[in-house]
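Remarks on the structure that follows.
The values are calculated or read from the model by the stated rules, or taken from the named source; none is laboratory data. The structure displayed is predicted, hence computed values, not measured ones. When we count neighbours, we look across all protein chains shown, and the Cβ atoms used for this are built from the backbone with ideal geometry, even at glycine.
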């Protein structure tokens, strides 16, 4: 069970494709803090070539044991949310599979047919995550391992052993 679940709205972009096999390409472009009141599939803007849509709400689940990865994400030059989407044939034309703050989990979301993009982390969500990390610090103490002592007899040259005579001569 997650210790904290943050609702977030996902905005995706549809762009005309320069391909004879597909009409459009989709990609996540932003994350909204909270749960917007718009219906999934709502068109936010359209200029003929590019359109943005509200794709729906996801919950960014935070776990106490992963707080070191969340901290690393927050302190990176570009804190991100990894959003995985798939194009569908029905309505809505694009579906959000998952979203995460954990970079390792974001990498694990990659599957055939799924597009995973790192989207900028909104400041409001970053503040919630920073508060969570401060309350749940997980630091692994460095423990230097000691090597086993080498057994000098194991590496020593052995004398040939005499075979026992079993009386067959």
Review point. Can you name the residue in the stretch 69-86 that is surrounded by fewer than 21 Cβ atoms within 10 Å (Cβ to Cβ) and in contact with a strand residue (DSSP E or B) (Cβ under 6 Å, 6 or more places away or on another chain) and, of all such residues, is modelled with the highest pLDDT?
Key: 80
Review point. Surrounded by 15 or more Cβ atoms within 10 Å (Cβ to Cβ) and under 16 Å from the mean Cα position of the chain (by Cα) - does that describe any residue in the stretch 36-56?
Key: no
Exercise for review: Determine if the stretch 33-48 includes at least one residue that is closer than 30 Å to residue 137 by Cα, out of contact with any helix residue (DSSP H, G or I) (no Cβ under 7 Å at 6 or more places or on another chain) and part of a helix (DSSP H, G or I).
Suggested key: no
Check your understanding: Which residues, taken from the stretch 1-35, are surrounded by fewer than 16 Cβ atoms within 10 Å (Cβ to Cβ) and under 19 Å from residue 125 (Cβ atoms)?
Key -> 2, 3, 5, 7, 34, 35
Practice item. Considering every residue within the stretch 116-137, establish whether at least one is surrounded by 10 or more Cβ atoms within 10 Å (Cβ to Cβ), over 19 Å from residue 71 (Cβ atoms) and without any contact (Cβ under 8 Å) to a residue 40 or more places away in the chain. Key: yes
Revision key, fill the gap. Residue 66: passes all of (1) touching a strand residue (DSSP E or B) at 6+ places or on another chain (Cβ under 7 Å); (2) more than 17 Å from residue 30 (Cα to Cα); (3) surrounded by 11 or more Cβ atoms within 10 Å (Cβ to Cβ) but (1)
Study note, to complete from the structure: Selection from the stretch 1-32 of residues farther than 16 Å from residue 81 by Cα, within 18 Å of the chain's Cα centre (by Cα) and not in a loop (DSSP other than H, G, I, E, B) yields none
Review point. Which of the residues spanning the stretch 95-115 are within 8 Å of the chain's Cα centre (by Cα) and surrounded by fewer than 16 Cβ atoms within 10 Å (Cβ to Cβ)?
Key: 104, 107, 108
